[in-house]
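Structure record follows, encoded as structure tokens.
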Ligand code: ATP
Ligand code: LTN
């Protein structure tokens, strides 16, 4: 194709995208009668099906009739050591994954946390209304810091939940869709909001967590006593959203179960099998009970194969879309830029109200 033909092709494709961003711009005159939905994810690695079934799938489903705001929380990611170039690359990949799972920039605001400095400023103010005692009780902090010696625990890791509270409260959020592991952080956010409101009069909306019915806690395939985590050293313990079908089948084949042959949903007595049934139900959109009936009389080998196949089917369109978005950096950047501009405006106006309430002098 000659250069001119190429240029006119690009120009022909542009108006659609421009129109798209004009609409995006007006979206930010938020409809106050709608509930605001906010959630965040760390660009700290490749995403697992735990992230997907516990959170991301619900983000994609929560874009109609609400004001949806989805944030890539890079400032949370640096609470543990990160290689700068890797973090930068993963941040862009994270945005492409979010677009691939169906976050629609026409409907939702998608942006990077560090692009809206009001998050950090509000976190500082909220730090002054948070207690060491309550932060010390956070199980995520206890789990993550247990692996370190006391001298090398970073203040940022300890303070992580207050930054999360600032993320949520900066947008007067009503609903926060997250996995079960975030429940304690959401409760803390509510406590901080209520405390601030009691001291200064109604300021913050007190948000509610929204937890998936199925898939809110996907367990590790190699040790079903703990959650599936993308930072687990054992790569067989998790399945990634962008994983090759063959590797997905292999991982399910190796999943740890039990020695009694009956397929039954009993999370206490049979955590491995119950986890597989939940993953199957989440991937195929049917209830756990119906999944159990489907597998009646079958062996564990067949169950593992079918769970793997259902997950592959669920992920296939996402992987295809990811391949497209990951080639179009200019488009992804333009979505993030529009998102950041809108987020900055909303967060800054709420921050201003808070600054006035606490007594900061303004000119
Ligand atoms: P890591 O495991 O590396 O500590 P993470 O996988 O928990 O990180 P986050 O960015 O902290 O990733 O979480 C993003 C979202 O995914 C959160 O809403 C979290 O609750 C959800 N989530 C993470 N793991 C699971 C899981 N195993 N089951 C269900 N939801 C999960
Ligand atoms: N701690 C969260 C990520 C996160 C978040 C948020 C989630 C940071 N800020 C605000 C919801 C709302 C986690 O998933 N690990």
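Quick notes on this one:
- Test result for residue 120, more than 14 Å from the chain's Cα centre (by Cα) and within 18 Å of residue 158 (Cβ to Cβ): yes
- Boolean, residue 346 is surrounded by 13 or more Cβ atoms within 10 Å (Cβ to Cβ), within 15 Å of residue 110 (Cα to Cα), within 23 Å of the chain's Cα centre (by Cα) and in contact (Cβ under 8 Å) with a residue 40 or more places away in the chain: yes
- Every residue from the stretch 228-241 that is within 14 Å of ligand 1 (Cβ to nearest atom) and in contact with a helix residue (DSSP H, G or I) (Cβ under 6 Å, 6 or more places away or on another chain): 228, 239, 241
- Within the stretch 60-89, being in a helix (DSSP H, G or I) and within 9 Å of ligand 1 (Cβ to nearest atom) holds for 76, 77.
- Filtered by the rule that a residue be part of a helix (DSSP H, G or I) and touching a helix residue (DSSP H, G or I) at 6+ places or on another chain (Cβ under 8 Å), the stretch 125-135 gives 125, 126, 127, 134, 135.
- Among (1) modelled with pLDDT under 95; (2) more than 14 Å from ligand 2 (Cβ to nearest atom); (3) under 14 Å from the mean Cα position of the chain (by Cα), the one test that residue 29 misses: (3)
- Selection of the stretch 32-53 for residues being within 11 Å of ligand 2 (Cβ to nearest atom) and over 23 Å from residue 92 (Cβ atoms) yields only 37.
- Only residues that are more than 9 Å from ligand 2 (Cβ to nearest atom) and either modelled with pLDDT under 95 or crowded, with 23+ Cβ neighbours inside 10 Å (or both) were counted across the stretch 155-170, and they come to 3.
- Hits in the stretch 198-231 (condition: in contact with a strand residue (DSSP E or B) (Cβ under 9 Å, 6 or more places away or on another chain) and assigned to a loop (DSSP other than H, G, I, E, B)): 205, 207, 211, 212, 217, 218, 220, 225, 226, 228, 229, 230
- Considering residues of the stretch 192-223 that are more than 18 Å from the chain's Cα centre (by Cα), within 14 Å of ligand 1 (Cβ to nearest atom) and over 17 Å from residue 282 (Cα atoms) only, the residue surrounded by the fewest Cβ atoms within 10 Å (Cβ to Cβ): 223
- The single condition among (1) more than 15 Å from ligand 1 (Cβ to nearest atom); (2) touching a residue at least 40 places away in the same chain (Cβ under 8 Å); (3) within 21 Å of residue 189 (Cβ to Cβ) that residue 158 does not satisfy is (2).
- Selected residue [surrounded by fewer than 18 Cβ atoms within 10 Å (Cβ to Cβ), more than 13 Å from ligand 2 (Cβ to nearest atom) and over 27 Å from residue 340 (Cβ atoms)] from 180, 151: 151
The values are calculated or read from the model by the stated rules, or taken from the named source; none is laboratory data. Since this is a predicted model, take the numbers as computed values, not measurements. For neighbour counting, all protein chains shown are included, and Cβ atoms are generated from backbone atoms with ideal geometry for every residue, glycine included.
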